Amino acid sequence: MLQEDTLEGNDAMADMSLLAIHEVGHALGFTVNLLKYFRDPETGEPMTPRPFQPSAVTCVDRKCSESSISSNKYTRHAPVV
């Protein structure tokens, strides 16, 4: 059982809350494939330049694939090591 008054308990509870929020997003249909369709809420402009330009990406399992990724202005991609 988590102890509410310990730092470890609070950190674990925060981690579980973030995980739950993340999974609710998936349940609502949000996936990485939808990011390219998002628009800037202030300007209404697409966050990813049109037309979409597929580029080679390396996934966390080190497999390469081609994807139309969203603009780097709004997302960060981990460097390949």
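Values in this text are rule-based calculations from the coordinates and carry no lab data. Quick caveat, the model's predicted, so the values are computed rather than measured. Ideal geometry is used to build each Cβ from the backbone, glycine not excepted, and the neighbour counts take in all protein chains shown.
Among the residues of region 18-46, which ones are in a helix (DSSP H, G or I) and among the hydrophobic types (A, V, I, L, M, F, W, C)? Before the answer, list the steps.
Initial filter on region 18-46 (in a helix (DSSP H, G or I)): 18-27, 32-37.
Listed by number, the residues that qualify are LEU18, LEU19, ALA20, ILE21, VAL24, ALA27, VAL32, LEU34, LEU35.
Quickly run through region 21-44 and pick out the residues that are over 14 Å from the mean Cα position of the chain (by Cα) and surrounded by fewer than 10 Cβ atoms within 10 Å (Cβ to Cβ). It would help to see each step written out before you state the result.
Within region 21-44, the subset over 14 Å from the mean Cα position of the chain (by Cα) is 27-28, 39-44.
ALA27, LEU28, PRO41, GLU42, THR43, GLY44, listed by residue number.
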